[in-house]
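Participant: The structure that follows is given in the form of structure tokens.
The values are calculated or read from the model by the stated rules, or taken from the named source; none is laboratory data. Everything numeric in this text was worked out from a predicted model, so none of it was measured. Counting neighbours? That spans all protein chains shown, and the Cβs are built from the backbone with ideal geometry, glycine included. In case anyone asks, the SASA skips ligands and DNA or RNA and just uses the protein heavy atoms, side chains included. Shrake-Rupley method; radii C 1.70, N 1.55, O 1.52, S 1.80 Å.
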Amino acid sequence: MSCIREFLRRAEADLPVYISDVREAFAREGERPCVLLLRLYDGSERRFDLRLPRFETARERAFGGSFLHAMLYNCLSALGARGVEVCFDPADEELKKIVAALPEVFQVGLARRERSGYGKCLNVNERTLAALCGQGAAFCIAPRDIATLPPAREEAAAALAGAPVFDKLPARAAGRILMGMDVGGTDVKLAASVDGALRVFKEYDWFPAGFDRAEALIEPMLLLTRLMRDGACCHRALGGVPAAFQPAFDKEASDARMRDACEGMEALLGGRLEGFDAIGLCFPDVVVRGRIVGGETPKTQGMRENRALDYETEFAKLAGLCERLRAYVREGGAVLNTNDGPMAAFTSAVEQAAAGAELSRGFFAHTLGTDLGTGWVLPDGSIPEMPLEVYNFIVDLGSFGQRAFDPEDVRSVRNVNTGLCGTLQKCAGQSGVFRLGAKYLPERDPKTYARLFERGLFAREGERLFVPTAPADMRKPCLEFFMREAEDPSSVCAELFRAVGESLGVCWKETQYILRPACEERTLFGRLVKTEACFARICEGARRVAPGLVLRAADGALANTPLMRQLAAHPHYTVAQFGQAVGAIYFGCLGLEDCAGKEV
């Protein structure tokens, strides 16, 4: 049986068909070379040599086309581009038709608001392109005769940046008031240090996908920053937060209680109220030079769907978040923002540097929470200027049965934002766990499946199956349920986490292939690796796909700097919870006066 027939057999049996397996099989059996040539933001070129087999049926042709679409989509989601040339033999009429359709498939000629599916990556690409190259920059997809290409050369790993800086950052926390903010899809976590000691923590639950205006996202972040500043100043000036105001720092505190506490602390402090020396934060979207430029994540879904406003105008308000945060920073202080994925990598780098690790190859990390975040940081602390939307990678070209469900349905393999099938959003992270549970538990463990409904973790509305988010958000409790069940290595739930690990193994193959980072290890942050059992299951699954992959969990063992050691020893908070917020404190230190001039 040819490879493409076997792939279709698996897909129609509702089994995953990993894109890395397809590429490797096509490279062995394919007769038709096809090269994707991307012109990157800096003017350089990146070449991807692919091969396609002959197609005997319309089904095979559609599957081969989906592979080419996915490869181009993944490249654009990670790297972005000023333009793409698709190089092939123009005498191949079948391939010519597939290539000629690419501008329509990717909706090059449509307005941003009209795009869907593959076209969504062009929205991110255009905003990033405008931020880096100016508003006049235009993107295009064009065919090219492969005979005009020079022979392929072996390409080295991505170039590394300057001298390592990570080991110098912890000392910059001394004598300063600093804050780190980790913005997520279900909560915001903040930590503040005062003169080298962690003093203030805050966790705030929210549901940004339901906010229909930018201010609904911005105002809570400004209020939280104000609360943290006031609390930090109380520690410096008064030796602690007065008991009357401490309830405002509880997770359940209302916005009104936090505002009242701020007013009270500010009146008490008077002239002793200071601004932060630096704020570091991470936001779950594409961030370039501190500005949020992506605009196509679930976190802004409510804004995108609000037809009463112009989305581009509204999103621009969110893009300027750092400018709004400067109200809480002293004159000459710094506000530095990046994506949550790079923050994970940065945090890992700082902690490993404190333990004496060799840093010349940079760091690569993922966050496994509401979505899958991806971070790549170079030795000097700089972050490559590219979309790096790896959570949007299409990794599964199969699972045809799960395509029938609406994207909002737990059972669906379709991306909530784009509608595309088989992306990492629905294969890794909590959505992957929920989907796999809904697929396998009814038949293999019906008692556990029934308990999900009994506890209100799964619910039905007509034909739709979902995890409730109102009146109470059940996503965290639902994930915790699966994690507890997975502690039994023979359970069905344990196998769900192994399947998530398989997707991470494919993710590793794709990021190595497309991005070519010098570092090969991956550090994992987030709720899915909070327990040793779940991390072990994920590693077992990853080794099925990528036997040599080394995964590390960002747990207490990662705590090597003074602030992270304080967090690891804290009686109420953990590294898994607040590790990125502490990492963001050190990230903010990149912008301090003794680091002035450093570009991040």
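Participant: Compute the long axis of helix 575-589 from its Cα atoms, compare it with the longest principal axis of the Cα atoms of the chain, and write down the angle in degrees, 0 to 90, nearest 10.
Facilitator: Approximately 80 degrees, to the nearest ten.
Participant: Largest first, how would Ser116, Ser66 line up by accessible area (1.4 Å probe)?
Facilitator: Result of the area sort, largest leading: Ser116, Ser66.
Participant: Continuing with this model, one more query. Please give every one of the aspartates and glutamates within straight-line cross-link reach of Lys97, meaning a C-alpha to C-alpha distance under 18 Å, and leave out same-chain neighbours fewer than 8 residues apart.
Facilitator: Result set, ordered by chain and number: Glu31, Glu56, Glu60, Glu85, Asp89, Asp145.
Participant: OK, next. Please compute, for the alpha-carbon atoms of region 319-429, the extent along each of the three principal axes and give them in descending order in Å.
Facilitator: The Cα atoms of region 319-429 stretch 55, 38, 21 Å along the principal axes, largest first.
Participant: Given q = 0.32 Å⁻¹, what are the Debye log10 I(q)/I(0) values for region 437-486, with equal point scatterers placed on the Cα positions and solvent ignored?
Facilitator: -1.38
Participant: While we're looking at this one, here's another question. Could you provide, to the nearest whole Å², the per residue accessible area of region 1-151 with probe 1.4 Å?
Facilitator: Each residue of region 1-151 exposes 42 Å² on average to a 1.4 Å probe.
Participant: Oh, and also: At a 1.4 Å probe radius, which order do Glu266, Glu29 fall into by accessible area, largest first?
Facilitator: Order by accessible area, largest first: Glu29, Glu266.
Participant: Also: Once you list every other residue whose beta carbon is under 12 Å from the beta carbon of Ser77, what net charge do they have if Lys and Arg are +1 and Asp and Glu are -1?
Facilitator: Once all neighbours under 12 Å are counted, the net charge is -2.
Participant: Report the gain in length on full extension from Arg213 to Arg144: 0.36 nm times residue separation, minus Cα-Cα distance, nm rounded to one decimal.
Facilitator: Residue separation times 0.36 nm, minus the Cα-Cα distance, leaves 20.5 nm.
Participant: Something else now. For region 29-117, compute Rh as the Kirkwood radius over C-alpha pairs and then the Stokes-Einstein diffusion coefficient at 25 °C and 0.890 mPa s; write the answer in µm²/s, rounded to an integer.
Facilitator: The diffusion coefficient I find is 176 µm²/s.
Participant: Can you check what the net charge comes to around Cys282, using other residues whose Cβ is under 14 Å from the Cβ of Cys282 (Lys, Arg +1; Asp, Glu -1)?
Facilitator: -2
Participant: Ignoring ligands and nucleic acids, what accessible area does Phe48 show with a 1.4 Å probe (Å², nearest 10)?
Facilitator: 0 Å²
Participant: Right, another one. Each residue of region 100-114 in order: what ³J(HN,Hα) in whole Hz does its phi give by Karplus 6.51 cos²θ - 1.76 cosθ + 1.60, θ = phi - 60°, with x for Gly and Pro?
Facilitator: 4, 7, 4, x, 6, 4, 8, 6, 4, x, 8, 5, 4, 5, 8
Participant: When only alpha-carbon atoms are used, what values of Rg and Dmax, in angstrom, describe region 370-486?
Facilitator: Rg then Dmax for region 370-486, in Å: 16.0, 53.
Participant: Radius of gyration and Dmax for region 444-515's Cα atoms, expressed in Å?
Facilitator: Using the Cα atoms of region 444-515, the pair Rg, Dmax is 15.3, 45 Å.
Participant: Moving to a separate point now. For the chain, what is the mean residue ellipticity at 222 nm derived from helices alone (per DSSP H run of n ≥ 4: -39500 (n - 2.57); sum divided by total residues; nearest 500 deg cm²/dmol)?
Facilitator: So the helix-based figure for the chain works out to -12500 deg cm²/dmol.
Participant: Accessible area per residue, 1.4 Å probe, Å², for region 269-427: what's the number?
Facilitator: Using a 1.4 Å probe on heavy atoms only, each residue of region 269-427 averages 28 Å².
Participant: OK, next. May I ask which of Lys120/Lys439; Lys189/Lys439; Lys447/Lys476; Lys426/Lys476; Lys426/Lys509 have a Cα-Cα span longer than 23 Å here?
Facilitator: Check vs 23 Å cut-off fails for Lys120/Lys439; Lys189/Lys439.
Participant: Local charge sum around Ala438 (other residues, Cβ-Cβ under 9 Å, Lys/Arg +1, Asp/Glu -1)?
Facilitator: Within the 9 Å Cβ shell, the charges total +2.
Participant: Right, another one. Sort Thr148, Thr531, Thr128 by heavy-atom solvent-accessible area, probe 1.4 angstrom, most to least.
Facilitator: Largest to smallest exposure gives the sequence Thr148, Thr531, Thr128.
Participant: How much of the pair distance distribution for region 223-298 lies past 13 Å, counting alpha-carbon pairs only, in percent?
Facilitator: 69 percent
Participant: Next question, about the same structure. Over the heavy atoms of Leu68, what accessible area does a 1.4 Å probe trace out, to the nearest 10 Å²?
Facilitator: 0 Å²
Participant: Quick one: Kirkwood hydrodynamic radius for the chain, alpha-carbon pairs, angstrom, one decimal?
Facilitator: Every distinct Cα pair counted, the radius reaches 24.8 Å.
Participant: Under a crude label model (7 Å from the Cα following the beta-carbon direction), how far is Ala267 from Arg464 in nanometres?
Facilitator: A separation of 4.6 nm, rounded to one decimal place.
Participant: Report the gain in length on full extension from Glu6 to Ala171: 0.36 nm times residue separation, minus Cα-Cα distance, nm rounded to one decimal.
Facilitator: Answer, rounded to one decimal: 53.7 nm.
Participant: Any chance you could run the full-extension gain for Lys97 through Phe453? It's 0.36 nm times the residue separation minus the Cα-Cα distance, nm to one decimal.
Facilitator: 123.3 nm
Participant: I want to check the label-to-label distance for Asp488 and Arg565. Put each point 7 Å from Cα in the C-beta direction and report it in nm to one decimal.
Facilitator: 4.2 nm
Participant: Dividing the alpha-carbon Rg of region 473-600 by 2.2 N^0.38 Å yields what?
Facilitator: Against the compact-globule rule of thumb, the ratio is 1.23.
Participant: Here is a follow-up. Restricting things to alpha carbons, find the Rg to Rh ratio for region 1-67 using the Kirkwood radius for Rh.
Facilitator: 1.06
Participant: Counting only protein heavy atoms and using a 1.4 Å probe, what share of the accessible area of region 43-175 belongs to carbon plus sulfur, as a whole percent?
Facilitator: 53 percent
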